[in-house]
Each structure stands twice: as C-alpha cells, then as structure tokens.
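Chemist: One structure coming up, written as structure tokens, with questions to follow.
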Amino acid sequence: MDSPSLSRGVAQPGSAPALGAGGRWFESSRPDHFPSSSNPTLSLNLMKRTLLILLMCSHHGVSVSLAAQQESMTFVELYSMARQQFLSENYESAVSHFSQIEEFFAEEEEFQEEVFQKPYRSMYGMSALLSGRNEIAVEQLENYLSTHYQKTKEEALLVMGLIWALRKQGDSGKLSQWYDLFLQDYPDHRDRYLVQFDKMVWHFELDQDGKAEAEFQRIWDSIAPSDLRYRSRLMVIQRLMDQGDLQKSSDLLLSAHWEISSMPELAFLAFNSLKVGEWLMAEGRYEEAIKAFSKVPFYSVLLEKQRSQLKTLDMGLASLQKDDPTHRSIIRESHYRTVATQMRERLKHLEVGSDYTVTFLLKYGRCFLFSGRYAEAWVIFRSLALRGELDALEKEQGWYHWILASYGAGNWDEARSLCLRFGELYPDSALLPKALFMLARTQQDAGDLARANLVLSDLMKRFPVHEDFPKWQMTRGFNFAKLGESGDALRDFEEVIDSNSVPEVILIRTRYWKAVTLSSENRFIDALQGLESLLLEHPTHWMCPDFLYRIGMIHYSMRDYERSEETLHRYLSDFPEHHFSHEAKVLLGDVSMAKGELDRAIKLFAEVLPNDPKLFMYSQFQIGKILKATEAYDELERHFKIYVDDLTFAGKARISEALYWIAWAMNQQDRPHEAIPFLLKAVRDYGNDPHSGELLEILDQLAGLKKSVSTESFANVDLEDERVLEFVTSTNFQSWIELEIERAQQISAQTYFARLQLYEALQLRRRKEYDLARAAIQNISLVDSMEVLDAQLLGEVGLALLEDEFESGERYLRRLLVRFPNTPHKALAFYGLALFKLRQDETDAAKKWLLKFEKETANHSRAADAKLLMGEVYARIGDFEEGIEAYRELLRWKQARGKPHVDALKGLARLHQLNNENDKAIAYWQRVYTLYRAYLEDVSEAYLRSAELFEKIGDFRSGLKSYDEFIGQKDLSGFSDYVTAKQKRRELVTKHPELLILEDEHGGEPLKEEDLRL
Amino acid sequence: MNCLKRLSASVLLLGFGIWTYGQNVEFHQNDLLGTLASKPVSIMLKNGNTFEGVLDSFKDTGFSISQSVGAEGLAVMTFVWEDIDEVGFEGDGLWEEIDVSFEKKEWKECIRIMRVLYEQRAPFFPILSETEIFQFEKLVTCYIEIQDPTAAMGLIRQLESWVKTPEYLLKIREHGLKVFLLSGMHEELVKLSRTMIYESPHITISSFPWVALGFQHLKRKRYREAWLCAIHPLLFDQGGDSAHISDAFMIAQIATLKMKEVSIALKYYDDMVEASVYPISKPYQTEWHDWWTSVDWRSLRENTDEIEKYGDIESDLAHSTDTREEDVPVIRFPVLQN
C-alpha cells in the first residue's frame, strides 16, 4: 500500500479500482504478500477469475507480519503449502494441511489473530466442502461466518458454501437462518433465485409444504429466470398431485401461461398435464381438461424434445464447469446437475414406456366433443379414423367418434355418409348399432322423420335381439306419431310394452307416448286410462308432471272442464316451474272460457307474460275473442289498441289482425267513419316504410271494410280528410288501389307504390292469372333503388324475375338476404336462388339453398315448391332414392294437397322411369289420372306417359287401353298430349294389328274411324 | 442432376426472377452492373495452390478466371469443380449491413445489396456450402415483402435446387406457399401444402402449410374448410412459430364469423388473447388482416346480432357437404410401434 510502483498484485477489499464482479486490485512490493506465487501475471489472472481466492490472499497479505514469518517458518510453510494445494484444486490435500496447522499451531498467537483466522477458515471450509468433508466444512465456515461475517459479495459465496454443506450433511436445524441471511443480504446476487429455489425444495423435503408454497409464490412473483419460475411451479403441482390435491394442482397448472418452447422439463409438464387433464375430464370439466391436454405433445415429439433439451443442458453444464474451475458456481452447477439427472431419469421412463398418443388423442377429442367444440373433435377423430398404421380397434373408435363430432356439428349429410361407411368398414363392430341409431337421430334432428324410421327399421332388422331394441322401436313409434301415422305408432308402442325385459325407463316413456298418440286419435278414454295408471304406478317418476298436464288436456278435450281444471291446478301447484306451466295457464283460461266464466278467463289470459311470445299473443287474442263475444266493443277496441301500441313486446306479430279488430269494434260501435280513417292512417304512417310489415294485410282489412261499410254510413260525417273521402267515395276497392298507385308515383313514395303493385299482383295470383301477376311484380323492379323495397318485395320481385328467366332476379334475392337476414320472407330467396342455380346446372348449390330453406323456413308457403324442386335436384344428380323420398314426404303434407301432390306424383313417376322401374312409374301416372281429375293438363300427360310406358315394357294391350281411355275423354282434347296420343295409338295398332282383334274378343268397344284420325 | 444444377446457375447469371409458370422471363439488366461481380475471387485448390482472378465464364464442369498480365495481356485459367477446395469472395462484411436493413424492414435496400452478392456468388453455388447458399433465403423474404412474387419464385426455384438440409428446404417451401398465396395460384398451393404436410414427420415441424391452405379456402369462400385447416396448428403446434399460430387464430375467427358462428369466433378471439399471440399484417394475408382488424369484438360480444355485419349469406351452405381430403388433408401424427 505504500508504493504504487511495485509490481506484485493482490486484491484487498475496500481498496483500489474495481475488478469485475467485486474484485479489487491492490499493488504491493512486499514479497511476503504472495509467497507462493512467483508469477504476478498468473496471480492477476487468478484474481480475475476467483474472488474467493482474492479475498483470502488479501487477508493473508496484510496480516502476517514479517516477525511472525521469521519466527514460525514451519507455520508459514505449512500454511503456504495448504494454500497452494487449495489453489491447485487438491482439496483433500488442502484439508489435510489446514487441519495440521490447527493441530500444531492452534496455540500460536498468530494463529489466533483475526487476520489469519479469516483466510484460514474460509479456505479450510471451502476445501472441505469441495472434497466432500461436509462436517468440517460446516464447522469451518460456520466458525468463520459467526465470527468474521461481513456483508460483502465475496462472503456470499461462503454463505452459499455453508448452506450447501449443511444441506449435504442433512443438518436442517441451522439452515433456515443461513437461507434467510443470504436472501436478505444478497437480494441482487446472481444465484439468489437458485438459493430460494433450493430453500423451497428443502421445505418440501421436510414436509413443510406451507412454507415451500410460500417460497414458490415469492419465486413466481419475482423476476427470477423463467425456467426457474416454471420449474418451481411444476414442483408444487407435482407435490400437490402426490398428495391427491388435484383441484389445487389443476388450478396452478391452468392459471399459468406456460412457455412450452422455453420449458426445460417438457416431460415433467406433459405428464402432469396429462394427469390433471384426465382428472378434470372425469370431473366433467371439459374446457379445463382441454387446456391441460393442450400442453401434452405427441409421444415421439416429446421424446425428441426431451432428448434435445437434455443435450442442451449437458452442454450448458460442461461449459459451466469449463468456465468455472474454482467452483464459484457450485450451487448453480449442482442445481442443473440435479435437473439433468431427473431429466435423464424421465427420458429413460419415456423410452421404455409405450406410446400414449392414440389414447391421449381419444381423450382429448372426447373433451372437445363433450364441450360442444365439434370442429376440433372432428379434426382429431378423423385423423384417428383414417390413420392407416393404427390397429383396427383404435381406428374404429376414431370412426365412431368422428361420426359423433359430425353429428354434433349438425352436418347431417356427412354424419349420415360416415355412418354408412362405418357400417361397411366395421360390420361386426359393437358400436355399429349405436352408430346406426345415431344416424336415425341425425335424420330426426334434421326433421326427416320418415328417413329416420327407415334407418330404425333397418337397425331393428339387423339386430333383433339387441338390448337397445325397445328403445329403437319406441323412437320409431314416436316418429310415426309425429308423422301422423298413428296406427304404425301404436303398433310399435304396443309391441314394446308387450315385450319382455324392457327397461323401466323405456317402458314408462313408451306408455306415455302411447297415451299421447291415443289422445291425438281422439281415443280419450284409453289415453286417460294409460296416463292415470302411469301416475298411480309411478307417483314419483320424473315424468309425473307430463302425465298430469296431459290428463288435464284430455279432460279439456273431453269437455270435462271440472276435472281438467282440477288436474291443471294440481299440476301448477305441484310443478310450478315445469316446462308446460305456461301452456297450462293458457289452458286454464280456455277451460274457464269454455265454462262460461269469462271474467275469470280474461284474468287468467292476462296473467300470461310476453316471455313466451306465441302463448302471449294467443292469450291476447283469446281475450279479444271474449270481449267480442260479450259485445264489449269499447273494451275490445281498447284492448287491441294497447296491444298495437305496446313497444316493449319485441316478438309482436298479428298487428294487422289487431288493427282489424280495432276497426271492427269501431264499426260495431257505429263508428265506421272512425274505423276506416284509423286503418287509412296506419297505411299512411307505415305504407312507405320498408321496415314496417303487414301492410298487405291492412289493405285486406280495408278491402273487407269497403265491402261491408256502405257510403251512406258516412252521410252524417264531416269528412275533412281528403284521403278518407276518396276511399269512401271510390266505386270499389280496386279503383281506390289504382288511385293510390297513381298518388304514390306522384309523390315518389316508392315503397308504398311497390307494395300496392304487389297487392295487385297477389290478387291476380288468387284469381290464377299468374302471367299478369308476374308482370305486375316485375313492374316493381322499375323503382329507383332496391333499397326502397321491403323484404317481401325483394323476394317476390326477385323470384318473379327469375321465374321469367331474368337473371337480375338473383340480385334482389341476395339483397334480401343481406338486408333482412331474419325475415321469414328469406324463404323466397332460398327457393329463388335454388331455382337459379339449377337452371345454371349447379345442382350442388341448388341443393344447398333448398336445404337452407328446409332448415330455416320450413313452414313458408313456398315449402311445397321447394320440396318439388328438391326432388328435381335429386333427379338431376341421379340420387333417385333421395328424390323419391323428397316427393314422398311432400305427399305426406296435408297442406300440400292438390296441385303440389299432383306434381309430386309426376316427379315420382319420372324418377322411377329414369331408374328403369317402369311398372312403378306407370302406377304413379295412373294415380295422377285417377285421383286428380281436376287437373286436366296433368291428367292428359299422365295418360300419355303411362300408355308410352306400357308400350315400352311390351304390354301393348295395356298401352292401347290407356290411349283409348285417354282419347275417349273429350274434355282433354284441347291439350297437345291428346293429339300425340292419337298419333301414337295409330302407330301402335299399325304395328300390332292383332291388338284390335284381341280388343274385340275381350269385349272392348271397337274404335271408330274418326278416333283414328289425327 | 448436377448438370441441371449448373445450368440453373448459368441461368442465374443472366438474371434471376426466372419463373417457369408460363410467365415472361424477367431480365434484370441492372443485376449485371454490380461492382462486386467484377472483383477478383481467390481460388484454393485441393492441392494447396491458390489463384486469384475475375470470373470469366462457367459451365457445368467448371469455370475460368482471368488475370491481367502486363499492360494489356490477359491470362485465362480454367478449373474443374472437383479440384476446388475453397473460394474466397470480397464483400462478406455486407451481410452485417443486410442484417441491419433487414431488421429495419428496409426491404429495397436489402435487395439492392443482396442482389450484388448473389450475382457474385451464384456461379459458385456448386462448391459453396448449403449454409452459404441459404443466406439468400433472406432475399426471397424481401421479394415477398415488396410483393414481387415473380422474382421471389425465380429465386426459390434456384435455391431449392441447391439446398437439401430439411430445415432449409422447409423454409424455402414456406416461402413458396407465400408466393402462391400472393399470386393466387390455387392448384400449386394445394399441391405444395399437401406435399409438405404429408412429407413432414409431424406438424410441429411447420404448421404453415395448414395456415396457407386456410387462407386459400377463405379466398374461395370455403369457410368450413378454412376453419378446419386452422384448427390443426391450434391443436397440435406447440411451441411452433407464433406468427403461424396467430394467423391460424385469425383464420379460425374470420371463418367462424363468416359462418355466423359468433360464440365460436369469440371463443377463438379469447383464446388468442389468452395465448398473447396477435396477427400482424403480412403481404400474403393483408386483405384478411385488414378485414379482421375491422371487427369490433367488444361490440359484437355485447350484441351478437351484429354478426350479420360480418357473416356471409352463403356461409352455411357448406355445412351439409362432405369434407374432401384434398381440401383438408388428414394430419399424420407420429405413432411409434412399441
């Protein structure tokens, strides 16, 4: 310290410029300062590398006096040797030398001096630690730290050394204080978090889980390196799982955002996630299970990553050792060595374990399936089903679940085709009956009950002794009942009831549905008996409320109002929240009404709330009915005015009907002069607003009033309103409409104009003047912009244009779908676009639009047209089975009787003909001319086609008979088919003259010459 | 094959950007004007001898360099590829400049420098290491960024004929998909995606083919297929490229919005936020990114009827159809036989 010119360097705390991480450079000329080091450069390098040595050397350098050296050469020599051994990493030898110093010189004054004690104890302790002599290490380091400890960075290593030695020794008693001291005094030390992690592990080892978790939380909340934070979290998760606390472990797993790419122990995370996922799945917590499973990689990927991570860690360790010959990173190194050992261990387990990928994917996929995330399930199960290398059972499972996913997503067609393929691929699969039943359910859910029953029938035929047979039969019966085929339904239900060993759950439901079906057939006594016995036998069954409600309904139908009321009261008081409770309240209103208790009925109907719009509206109109019946016209008027004006009821409909009743009530109160202006005001207010509806219905009401109210009734009324005057004085409603059209054009009220045009067109349509109607509608397209048209107008105009092959119609229909996505008039767009696509030969697109029609607007007035078009689409595609089913379904619709049924029969005939089933085709043509005589043009065609087909199949006699029958009907002579038939008959008999003879022989009437003339 | 490679190299000298998809050959005269290309290269032969000279010509068997002799003399030395141990170029320091510009997204500047280096080195591809050749992958990125699919594809074709290392090849093929997306080449995109999917041992190698297929389906309004493709990276690509994951999230959200599956779209949005991956605009998906950013998620969550703003009226038409394997390939997860 005296002279800066001297060349030997030693470091000393608190002096000279800083050197790296805490070291300081001190120059001294005194040779005793570095007795064993002849090379100052080496000393410098050493100092730079190891702070520990710097520390010890510095202590030595400033403390041992020359006198002491001279007097105690042996002591100095021995110390020098010990120190040399330490520096040369011969720790065992160093320990031996250091212990000799204590043995021989412990009594020496110099030995006792603090300046000697400090380097001596620290070197001795560290040598002992590094040579595995933990007991000595603890003794020396503790001795040092308890006597000489100063809060310096250099001494941090000694504290870590002591902690390490105590951990190795298994001495837990004193550890806590040293951990705390280190963490408190060295918050910024680079190994601070490793020590903290070690403390957490130590707590776990002592079963001090609370303390360990607290330590974990501190690490987690800190800025510790992410691998350490995640590892500590994983360790806690593992511990919790070992203790069976899966709830807490799953919370910890799922609440962290795991950085998979930087996870040092992927296998550890994967296994824990798998275990947590399985537990959550068993708990039915599928969304959370998905989150857990999402951290599980494929088996081979995990193997690959684990190997690569281990390799990286090994390389890191090697480099740590290389860069740290003095073991300053002893804790760090030890920590990662432990990690590497654990990883190696896990890798070994992984390598000898079996590939979990398939079983994992099945579980993962099921979680998606059960949580309604069908697309993800679809992807997973499809990959399993189509994976060639898997064994048959695994693929079968994949297939089955793939069907479930497709079914769940509502992809009926796909689910159906998957089911069929599943049956082909796995005809002996135990899952096949389930798959087929699901197929039936698919059809059922798609609203295709008839086809569902075909599948069910096939299922019952293939597996007649299956345990689920009664369930299938019950479902088929239910579908029959819904289809209105009560006979078949009852037969199925009775067979289920009569068969042996039917599970009670099926039996009760079957008996219930049998009773409901009987009731729909007006067999009330049988139905009642069935339900009452069910109630008696199963008084606590979950379907009891249904039994009661149905009994109440049947009593009502049987006009036994007292019993109906009694039952419904019992139902409502016992099961106030049941799903039929709203209906029951309405029914009670109906019962009171039927009993003539009208005030009570009104009260009951008034209690029905708008949260069920359909029942609410029904109740409101029932009230109206009562008020009308009691001639309370003023109340009727008020009641419907409130209904119309109520803006809070969002799902309100039947407004025009309400307006009609208001106007009607006014009329009844001798105020027709108010009724008409009232409706005209509605027309004026809403007529030109594209977003208001039901104008056409209001016009209908006005048309009715125009007929029923004479001009004279306005004789005494001062008609100030010019428009009312016009209405009253116009000769008829039609002329008023024409006036209004003119006015609308004058004032450019384009929406109103278009609506009036449409009204006219619809009148024309009613009069079956279709061409004029279409032309009137097409006139609407002359408005300035599509934007003035409401939903119905867009639909009608678009469709009318397309029907006349104007492609611009498509634009109207698409605009309708964009502007009014929720309107029921979108049915017109679906149908029109299907028509358009079919014309363009895009059968697939046409089919899709029609499927949309069926799905979203099945009850629209164009439903029959859509179904017929669907039959045509299938015919074009060549899917005869589907086409036939489409036409058959239409034939089951009572509301489509008449022309649509004729067209369906014609469609069926054509399809069978295309399918070379000529006998069936003939049968359908025959049905047309025998059942639908009113449709002359169709009858003509049917005669001609059946005759042609008879010829085709070589039954010339029947052919001739058909021609003759046709030609014999003079009312058909105006159709071109009639002429063709004559021509064909002539050709037939020319070719086969024997037919005429045979005809005579068989008593047929001989044809006259003129019949053979064209 | 070698012959083909060398011929490719000679084509390169005339100007890269040659694209064999029926497009006109693009000739960049300026490419020949780089100064580096005329600087001498140093050649070390396997026998230890070294030479220096300016590239004179090259062909499939070797090349010639010329050296000035005296005032006007010129010595031309010809070598065969097999005899060459090493070749040294000037201009290695430019890579640092390129890195800086690349970081700053100064694509045109990167291109300007890299093209000079490319011209200088491309003739020597037969003896350069794959690592050296693969450095020019950055140039492909730059072309894609400036939306020049022709130049990008020309370079891709060249690079892929020299690179065999799976990781490099994968990256180059990913660029190929981006170029197909940029230029709307559906058939080629589907073909390359399927090749990549079926040749890859597992999806974590690269999920970009699924993303590319997803974008392609969106373009063709095949929303269900787009959605199903996007699901693959979301399900199986753990720790993969986060840009691909965010794109997959975006595709899933767009597809489900178009299909009016509002709750599912919101779920993907929430999952994306939870995973902290957000799509950023890239040249090959800009239109979708723009569309996606126009979605007001908060408002949609509050009023799900707003889905009508985003839905496609024809979206659910695809619901009832079978999904074709060529539209949504079947993922081949690795299964080890124990």
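Chemist: Just the Cα atoms of the range A:72-129: what Rg and Dmax do they give in Å?
Modeler: Over the range A:72-129's Cα set, Rg and Dmax evaluate to 10.3, 29 Å.
Chemist: Do any GluC sites (Glu not before Pro) in the range A:806-883 lie in a DSSP loop with no more than 11 other beta carbon atoms within 10 Å, and if so, which? Kindly include the intermediate steps, with their values, before the conclusion.
Modeler: Working: sites: A:E807, A:E810, A:E842, A:E854, A:E856, A:E872, A:E881, A:E882; in loops: A:E807, A:E842.
Here the GluC sites (Glu not before Pro) that fit, given the DSSP loop and packing criteria, are A:E807.
Chemist: Right, something else. If each DSSP helix of 4+ residues adds -39,500 (n - 2.57) and the sum is divided by the residues in chain A, what number results at 222 nm, nearest 500 deg cm²/dmol?
Modeler: Helices in chain A give a 222 nm mean residue ellipticity of -23000 deg cm²/dmol.
Chemist: Right, another one. Just to be sure I understand the curve: with the Debye formula and one point per C-alpha of the range A:821-953, what is log10 I(q)/I(0) at q = 0.11, 0.12, 0.18, 0.22 Å⁻¹?
Modeler: Values returned for q = 0.11, 0.12, 0.18, 0.22 Å⁻¹ are -0.40, -0.47, -0.96, -1.24.
Chemist: Find, among the trypsin sites (Lys or Arg not before Pro) in the range B:68-136, those assigned to loop by DSSP (not H, G, I, E, B) with at most 15 other beta-carbon atoms within 10 angstrom.
Modeler: When the trypsin sites (Lys or Arg not before Pro) of the range B:68-136 are filtered for loop state and at most 15 Cβ neighbours within 10 Å, B:K104, B:K105 remain.
Chemist: Put A:E987, A:E278 in order of accessible area, largest first, 1.4 Å probe: what do you get?
Modeler: Ranked from most to least accessible, the order is A:E987, A:E278.
Chemist: Here is a further query. As a check on your grasp of the helix formula, calculate [θ] at 222 nm for chain B: sum -39500 (n - 2.57) over DSSP H runs of n ≥ 4, divide by the residue count, round to the nearest 500.
Modeler: Dividing the helical sum by the residues of chain B leaves -15500 deg cm²/dmol.
Chemist: List the lysines whose Cα lies under 17 Å from the Cα of A:K961, skipping any in the same chain that are fewer than 8 positions away.
Modeler: Within the straight-line limit of under 17 Å, A:K961 reaches these lysines: A:K952, A:K970, A:K982, A:K984, A:K991, A:K1008.
Chemist: How large is the translational diffusion coefficient of the range A:584-660 in µm² per second when you combine the Kirkwood radius over alpha carbon pairs with Stokes-Einstein at 25 °C and 0.890 mPa s? Each step should come with its number before you reach the end.
Modeler: Working: Rh = 12.4 Å.
Translational D for this selection: 197 µm²/s.
Chemist: Something else now. Can you tell me the equivalent ellipsoid semi-axes for the range A:465-607? Use √(5λ) from the Cα gyration tensor, largest first, whole Å.
Modeler: 31, 15, 12
Chemist: Taking a point 7 angstrom from the Cα of A:S176 along the C-beta vector, which residues in the range A:211-234 have backbone N less than 11 Å away?
Modeler: A:211
Chemist: At 1.4 Å probe size, with no ligands or nucleic acids counted, give the accessible surface of A:D198 in Å², nearest ten.
Modeler: Near enough 40 Å² of accessible area.
Chemist: Place a label point 7 angstrom from the Cα of A:D323 along the Cα-to-Cβ direction, then list the residues of the range A:153-172 whose backbone nitrogen is under 20 Å away.
Modeler: A:154, A:157
Chemist: Another one. Distance from the Cα centre of the range A:487-523 to that of the range A:92-145, in angstrom?
Modeler: When both Cα centres are located, 96 Å separates them.
Chemist: Among B:K191/B:K282; A:K614/B:K258; A:K614/A:K855; A:K837/A:K920, which pairs are too far apart, with a Cα-Cα distance over 26 Å?
Modeler: Violating the 26 Å Cα-Cα cut-off are A:K614/B:K258; A:K837/A:K920.
Chemist: How would the range A:134-205 be classified by its alpha-carbon gyration tensor: rounded, prolate or oblate, with rounded meaning a/c under 1.5 and the a/b versus b/c comparison settling the rest?
Modeler: Oblate shape, in that a/c is at least 1.5 and b/c is the bigger or equal ratio.
Chemist: Ignoring everything but the protein chains, give the 1.4 Å probe accessible area of A:Y556 in square angstrom, nearest 10.
Modeler: Looks like 70 Å² after rounding.
Chemist: In addition: For chain B, what are the per-bin percents of Cα-Cα distances with bins 10 Å wide, up to the bin holding the maximum?
Modeler: Percent of Cα pairs in each bin: 5, 22, 27, 20, 14, 8, 3, 1, 0.
Chemist: List the accessible area buried at the contact between B and A, summed over both sides and calculated with a 1.4 Å probe, in Å² to the nearest 100.
Modeler: On the way: alone 16960 and 48740 Å², together 61760 Å².
Chain pair B/A: roughly 3900 Å² of buried accessible area.
Chemist: What pairs from A:K595/A:K652; A:K174/A:K291; A:K628/A:K681 go past 31 Å between their alpha carbons?
Modeler: Details: A:K595/A:K652 29 Å; A:K174/A:K291 43 Å; A:K628/A:K681 24 Å.
With Cα atoms farther than 31 Å apart: A:K174/A:K291.
Chemist: Out of all Cα-Cα pairs in the range B:243-292, roughly what percent, to the nearest whole number, are more than 18 Å apart?
Modeler: Details: 292 of 1225 pairs.
Of the Cα pairs, 24 percent sit more than 18 Å apart.
Chemist: Kindly report the accessible area of chain A per residue (heavy atoms of protein chains, probe 1.4 Å, no ligands, DNA or RNA), in Å².
Modeler: Numbers: 46800 Å² over 1014 residues.
With the other protein chains kept in place, chain A gives 46 Å² per residue.
Chemist: Just order A:517-523, A:419-425, A:106-112 by mean Cβ neighbour count inside 10 Å, highest at the front, would you?
Modeler: A:517-523, A:419-425, A:106-112
Chemist: I would also like to ask the following. For chain A, what is the relative contact order in percent, using Cα pairs closer than 8 Å and at least 6 residues apart in sequence?
Modeler: Result for chain A is 3 percent.
Chemist: What are the extents of the Cα atoms of the range B:40-88 along their three principal axes, listed from largest to smallest and rounded to whole Å?
Modeler: The Cα atoms of the range B:40-88 stretch 32, 23, 15 Å along their principal axes.
Chemist: Next question, about the same structure. For the range A:633-747, what is the per residue volume of the convex hull drawn over the alpha-carbon atoms, in cubic angstrom? Spell out each step's value before the answer.
Modeler: Details: hull volume 11.9 nm³, N = 115.
Once divided by residue count, the hull of the range A:633-747 is 103 Å³.
Chemist: If you don't mind, there's one more thing I want to ask. Against the globular-protein guess of 2.2 N^0.38 Å, express the Cα radius of gyration of the range A:300-353 as a ratio, rounded to two decimals.
Modeler: Against the compact-globule rule of thumb, the ratio is 1.27.
Chemist: I would also like to ask the following. Quick one: with all protein chains in place, what share of the accessible area of the protein assembly as shown is carbon or sulfur, to the nearest percent (1.4 Å probe)?
Modeler: Looking at the protein assembly as shown in its full context, I get 50 percent from C and S.
Chemist: Take peptide B:236-245, look around each residue's Cβ out to 10 angstrom, count Cβ atoms belonging to other protein chains, and average those counts.
Modeler: Shielding by partners across B:236-245 averages 4.
Chemist: Among B:L257, B:V211, B:H232, whose Cα projects farthest towards the positive end of the dipole of the range B:202-330, with charges put on the beta-carbon of Lys, Arg (+1) and Asp, Glu (-1)?
Modeler: B:V211
Chemist: Can you list the residues, at least 5 places off or on another chain, whose amide H is less than 5 Å from the amide H of B:G62, using H built in the peptide plane?
Modeler: Under 5 Å from the amide H of B:G62 lie the amide H atoms of B:W81, each far enough along the sequence or on another chain.
Chemist: Hey, what's the Cα Rg ratio for the protein assembly as shown versus the globular rule of thumb, 2.2 N^0.38 Å? Spell out each step's value before the answer.
Modeler: Working: Rg = 45.8 Å, N = 1352, 2.2 N^0.38 = 34.1 Å.
Dividing the Cα radius of gyration by 2.2 N^0.38 Å gives 1.34.
Chemist: Could you work out how far the C-alpha centroid of the range A:654-669 sits from that of the range A:405-443, in angstrom?
Modeler: One Cα centre to the other: 54 Å.
Chemist: Express in % the proportion of alpha carbon pairs of the range B:202-330 at distances exceeding 22 Å.
Modeler: 30 percent
Chemist: Something else now. Determine, for the range B:48-175, the count of lysine pairs separated by eight or more sequence positions (or lying on different chains) whose alpha-carbon distance falls under 29 Å.
Modeler: 13
Chemist: Using the heavy atoms of the protein chains and a 1.4 angstrom probe, tell me the accessible area per residue for chain B in square angstrom.
Modeler: Each residue of chain B exposes 44 Å² on average to a 1.4 Å probe.
Chemist: Please state the Cα pair-distance histogram of the range A:880-986 with 10 angstrom bins from zero: what percent is in each bin?
Modeler: The calculated distribution, bin by bin, is 16, 47, 30, 7, 0.
Chemist: Give, in whole angstrom and from largest to smallest, the semi-axes √(5λ) of the equivalent ellipsoid of the range B:160-261, with λ running over the eigenvalues of the Cα gyration tensor.
Modeler: In descending order, the three semi-axes are 23, 16, 10 Å.
Chemist: At 1.4 Å probe size, what's the solvent-accessible area of A:W893? Round to the nearest 10 Å².
Modeler: So the heavy atoms of A:W893 present about 50 Å² to solvent.
The values are calculated or read from the model by the stated rules, or taken from the named source; none is laboratory data. Worth saying up front: this structure is predicted, and the values here are computed from it rather than measured. Here the Cβ is made from the backbone with ideal geometry for all residues, glycine too, and neighbour counts use every protein chain on show. Surface accessibility is based on the protein's heavy atoms, side chains included, excluding ligands, DNA and RNA. Shrake-Rupley method; radii C 1.70, N 1.55, O 1.52, S 1.80 Å.
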